[in-house]
Amino acid sequence: MKSEPSVFSIDDLQTKPNQTYCWDGVRNYQARNMMRDEMKIGDLAFFYHSNCAEPGIVGIMEVVKESYADFSAFDSDHQYFDPKSNPENPRWFMVDLKFVRKLPRTITLKELKLLPELADLALVRRGNRLSIMPVSASQWEFILSFCSYKACHKAVIF
DNA sequence: GCCAACGTTGGC
DNA sequence: GCCAACGTTGGC
């Protein structure tokens, strides 16, 4: 799940570790469908910093509330207002998340693109700008193990 | 349903 | 700031 750190970063999320946050403002149907149809309580998600100096995966979140109407779309004063959505027939949905942990270091987009094991990761596929993307179990495990071991192999791999 | 014009995302 | 790669809109 992407967020611009200048707007909301992993450190913002960590400031109040027990706080839950609604992931509002998603206005793309594919991303909406993933929140609405796929994400279940207890699921984990990577937190990705986008549109910044060092884009990459920086931490882990957990789903604490399953999809419900994104009410920011109903408020005409809100930046995420969408007149085509209303409480009777909401167009946009969101989930609630909470901080789990930061990764020991940022796994940069540059690294993710170089790793053959992640060639099928949606994030590194050509032109993918979705703000929410699926990660398979094996991709998840690989990224976490790579994160732990990279310090030892830094000179070899890069 | 087609597609040109336009707006957005986000890496660089 | 540039621009590729989208997604959306709306005329037809």
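Laboratory data are not the source of any read-out in this text; all were calculated from the coordinates shown. These figures come from a predicted structure and were not determined experimentally. Here the Cβ is made from the backbone with ideal geometry for all residues, glycine too, and neighbour counts use every protein chain on show.
Observations on the model:
- Extreme residue, nearest to DNA strand C (Cβ to nearest atom), among residues of region A:35-63 that are free of Cβ contacts under 8 Å to residues at least 24 places away in the same chain and within 26 Å of A:Glu111 (Cβ to Cβ): A:Ala53
- Qualifying positions in region A:54-79 - in a strand (DSSP E or B), more than 11 Å from the chain's Cα centre (by Cα) and surrounded by fewer than 19 Cβ atoms within 10 Å (Cβ to Cβ): A:Val64, A:Lys65, A:Glu66, A:Tyr68, A:Ala69
- Residue in region A:97-114 that is within 16 Å of DNA strand C (Cβ to nearest atom) and more than 23 Å from A:Ser138 (Cβ to Cβ) present: no
- Test: A:Ala31 is part of a helix (DSSP H, G or I), closer than 17 Å to A:Ser131 by Cα and within 16 Å of DNA strand C (Cβ to nearest atom): yes
- When residues in region A:120-141 are screened for being of a type outside the set (D, E, K, R) and within 16 Å of DNA strand C (Cβ to nearest atom), 11 of them pass.
- Within region A:10-19, the set of residues being loosely packed, with under 14 Cβ neighbours inside 10 Å and in contact with a strand residue (DSSP E or B) (Cβ under 6 Å, 6 or more places away or on another chain) comprises A:Pro17 only.
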